1. Based on the alpha-carbon gyration tensor of the stretch 3-80 and its eigenvalue square roots a ≥ b ≥ c, which shape applies: rounded if a/c is under 1.5, prolate if not and a/b is larger than b/c, or oblate?
2. Once you sort the root eigenvalues of the Cα gyration tensor of the stretch 135-174 as a ≥ b ≥ c, which label holds: rounded (a/c under 1.5), prolate (a/b larger than b/c) or oblate (the other case)?
3. If you compute semi-axes √(5λ) of the Cα gyration tensor in Å for the structure shown, which of [x] 24, 19, 16; [y] 28, 17, 15; [z] 50, 16, 12 do you land on?
4. Stretch residue 52-residue 24 to full length: gain in nm at 0.36 nm per residue minus the Cα-Cα span?
5. Hey, with R₀ at 41 Å, roughly what FRET efficiency would residue 32 and residue 121 work out to, going by the Cβ-Cβ distance, to 0.05?
6. Using the per-residue mean of other Cβ atoms lying within 10 Å as a proxy for protection, in what order, highest first, do the peptides 30-37, 117-124 fall?
7. Let me know the shape class of the stretch 83-173, please: from the alpha-carbon gyration tensor, a ≥ b ≥ c as square roots of the eigenvalues, rounded when a/c is under 1.5, otherwise prolate if a/b is greater than b/c, or oblate.
8. For residue 82 and residue 2, compute 0.36 nm times the residue count separating them, minus their Cα-Cα distance, and round to one decimal in nm.
């Protein structure tokens, strides 16, 4: 029996860089043996079914070979995404303020120990496993905290706004 997954590609179709046609990306995932392949918006969200758990490295390699670009891929199962929604530490906040950074691996706790988060208010963050939840009242574009966290954590991370996260759950659930 196949399970549902979401591939979250980092840095595609952003600011005119790493242009990746979603139709061609869907075709690639299908050619790799995945079924029920769909995409959501142009920023690299691929929803698909797989008989066995997919490997990010294999997807990254296939994308590199086909499109001549290096694109990190972070994978989450439908169950993982449901867990992400249920663990939202910013429940009740304006949905437009909430973003989730999906990390390729769980980062070490050490790099955040001495971070003076109060200096970045009203921006806030919570690290929960392999997800970095952000509350950014002024939006991602002007935020100071995400680039700092990326530099400190040194873990490939791709961000999605809360509406996209919840829509991906709906789409993956079918």
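Coordinate-derived values only; no laboratory data. Values in this document were obtained by computation on a predicted structure and should not be read as measured data. Every residue, glycine as well, gets a Cβ built from its backbone with ideal geometry; the counts of neighbours run over all protein chains shown.
1. Judged from the Cα gyration tensor, the stretch 3-80 comes out prolate (a/c at least 1.5, a/b above b/c).
2. Since a/c reaches 1.5 but b/c is at least a/b, the shape of the stretch 135-174 is classed as oblate.
3. Computing semi-axes √(5λ) of the Cα gyration tensor in Å and matching it to [x] 24, 19, 16; [y] 28, 17, 15; [z] 50, 16, 12 gives [y].
4. 7.8 nm
5. It comes out at approximately 0.40.
6. Those peptides, ordered most packed to least, come out 30-37, 117-124.
7. oblate
8. 27.0 nm
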